[in-house]
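Here's the structure we're looking at; comments come further down.
The values are calculated or read from the model by the stated rules, or taken from the named source; none is laboratory data. Bear in mind that the values here come from a model prediction, so they are computed numbers and not experimental data. Counting neighbours? That spans all protein chains shown, and the Cβs are built from the backbone with ideal geometry, glycine included. What goes into the accessible areas is simple: the full protein's heavy atoms, side chains included, and nothing from ligands, DNA or RNA. Shrake-Rupley method; radii C 1.70, N 1.55, O 1.52, S 1.80 Å.
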Amino acid sequence: MNSGGKGIFILLGFGICKYFADKLNKEKDYTIEKKNLYIQILDRLLVLRERGISLNKYLQEKNHKKVAIYGLGMIGSHLYEALKGTEVELIGIDKSKVYNNFRMPIYKPDYNLNDIDLIIVTPFDYKEIFHDLQKYHKKIISIHQLLNECEKYLYTCSN
């Protein structure tokens, strides 16, 4: 192979390595961003709890008696724990089939839930999920929106 061919081979190899290095860095950045969002949400849940703001009481005041939690991963699980055993009737919505630590009915996302007062979406890809759920239901909020509303409630009660 002549030196020109070796140079192209080296440049091609370098380009491929750079491509995969960039891809790994993007995945790493996304993972870090996602973990930071989890920490922020959990912190906000804890602050509300420490300040005596009950998610249950807030939902009841808004007349949300039957609430669905969409996404039963870490955040959905904590939301379930915060609301279980309260006056709010809980229903789960998740794509997975393996959730046996919840004492509530769990449905697939395409199940038509006409009698639900509110769906709280816990995954971060809220916009895509919201779009899909709009076919079946109109009262949908993200966990961020719920926390924002509860934090507004906290600050109006403390003034």
Where residues in the stretch 132-152 are under 18 Å from the mean Cα position of the chain (by Cα) and farther than 26 Å from LYS57 by Cβ, which of them is surrounded by the most Cβ atoms within 10 Å (Cβ to Cβ)? ASP132
Check off (1) surrounded by 13 or more Cβ atoms within 10 Å (Cβ to Cβ); (2) in a helix (DSSP H, G or I); (3) modelled with pLDDT under 85; (4) of a type outside the set (A, V, I, L, M, F, W, C) for TYR155 and give me the number that stays unchecked. (1)
Which one of these is surrounded by 10 or more Cβ atoms within 10 Å (Cβ to Cβ) and either modelled with pLDDT under 85 or part of a loop (DSSP other than H, G, I, E, B) (or both): ASP43, ASP22? ASP22
Can you pull out every residue in the stretch 46-67 that is among the hydrophobic types (A, V, I, L, M, F, W, C) and either surrounded by 14 or more Cβ atoms within 10 Å (Cβ to Cβ) or closer than 14 Å to GLN145 by Cα (or both)? VAL47, LEU48, ILE53, LEU55, LEU59, VAL67
Do the conditions hold for ASN36, that is, is it at pLDDT below 90 and exposed (fewer than 13 other Cβ atoms within 10 Å of the Cβ)? yes
Restricted to the stretch 95-117, and to residues that are aliphatic (A, V, I, L, M) and open to solvent by less than 70 Å² (accessible area, probe 1.4 Å), which residue is nearest to the chain's Cα centre (by Cα)? ILE106
Pairs, please: C-beta under 6 Å, at least 6 apart or cross-chain, first residue in a loop (DSSP other than H, G, I, E, B) and in the stretch 58-71, second surrounded by 18 or more Cβ atoms within 10 Å (Cβ to Cβ) and of a type in the set (S, T, N, Q)? GLY71/THR122
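If the requirement is being among the aliphatic types (A, V, I, L, M), open to solvent by less than 40 Å² (accessible area, probe 1.4 Å), under 23 Å from LYS34 (Cα atoms) and assigned to a strand (DSSP E or B), which of these qualifies: ILE91, ILE75, ILE129, ILE120? Even if it seems obvious, please write down each step before you answer.
Details: ILE91 fails: under 23 Å from LYS34 (Cα atoms); ILE75 fails: assigned to a strand (DSSP E or B); ILE129 fails: assigned to a strand (DSSP E or B).
After applying the criteria, what remains is ILE120.
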